[in-house]
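Notes to accompany the following structure.
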Amino acid sequence: MAKGEKRLRHLRTVRDWIRYAVSRFSAAELAYGHGTASAFEEACYLVLHTLYLPIDQLEPWLDARLLPSERRAVCAKIERRIATRMPAAYLTRQAWIQRHPFYVDERVIVPRSYIGELLCQQIDAPSESWHLGFDPAGAATALDLCTGSACLAILAALALPSSKIDATDISPDALAVAERNVATYGLRARISLLQSRLFRPNLAPSRALRMQAGATGLRSCVASLPPRAIT
């Protein structure tokens, strides 16, 4: 019996495959930090996601047995993570900021942002959180520079429900990913996706001033955060 077939035969449960993945990841000396911090967290995420199980629930499924097709799918995902050393988010086409998922692929960086965490606090407890320098009930316009997947623009729109967001990026490929996420969250009416040419000499002066003013406002908001918000 081939080595791969033996592996599929003997690794039967979710627990078996997580243990196997942790061993393989540790032996391969993979790097983490794109949503997980250890081989164990990475193994749990990849196994649960591949099996279409909630990624925040492990205990109920640990002793569940996998079908042969499921074993092959999990094994392929584990081996691809090792062979390509690609961040898990690119393999699953999904990244999370707290409870909010976003589509990602190689056209954008995997979102990792303290600002995103703070925006989630604002969404979950609007009466208790700091307000990004805005009245969350009032109308405002915010600028998300280098928006990438538009995760921060989307979280800002959710945190400030009366505001409009300008999300800019120099990459049309990144904006294509952003458009997909904005559409998924149903925020096309409140988030404008713009291709930035801020550093090009033929940029119209009015456009450059608008973007510069937005960037200055964003820096002012970050500078005005209370100490507890940035520690």
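The values are calculated or read from the model by the stated rules, or taken from the named source; none is laboratory data. If you're wondering where the values come from, they're calculated on a predicted model, not measured in any experiment. Because the Cβ atoms are built from the backbone with ideal geometry, glycine has one as well, and the counts that use them run over all protein chains shown. SASA here: full protein model, heavy atoms, side chains in, ligands and nucleic acids out. Shrake-Rupley method; radii C 1.70, N 1.55, O 1.52, S 1.80 Å.
Side notes on the structure shown:
- Rounded FRET efficiency, nearest 0.05, which uses the C-beta distance separating A76 from S38 and R0 of 22 Å: 0.50
- Computed as a quarter of the hull surface, the mean projected area of the alpha carbon convex hull for segment 44-168 stands at 9.4 nm².
- Per-pair calculated FRET efficiency, R0 = 22 Å: W96 and L194 via Cβ, rounded to 0.05: 0.30
- Computed accessible area, E117, all protein chains, 1.4 angstrom probe, square angstrom: 70
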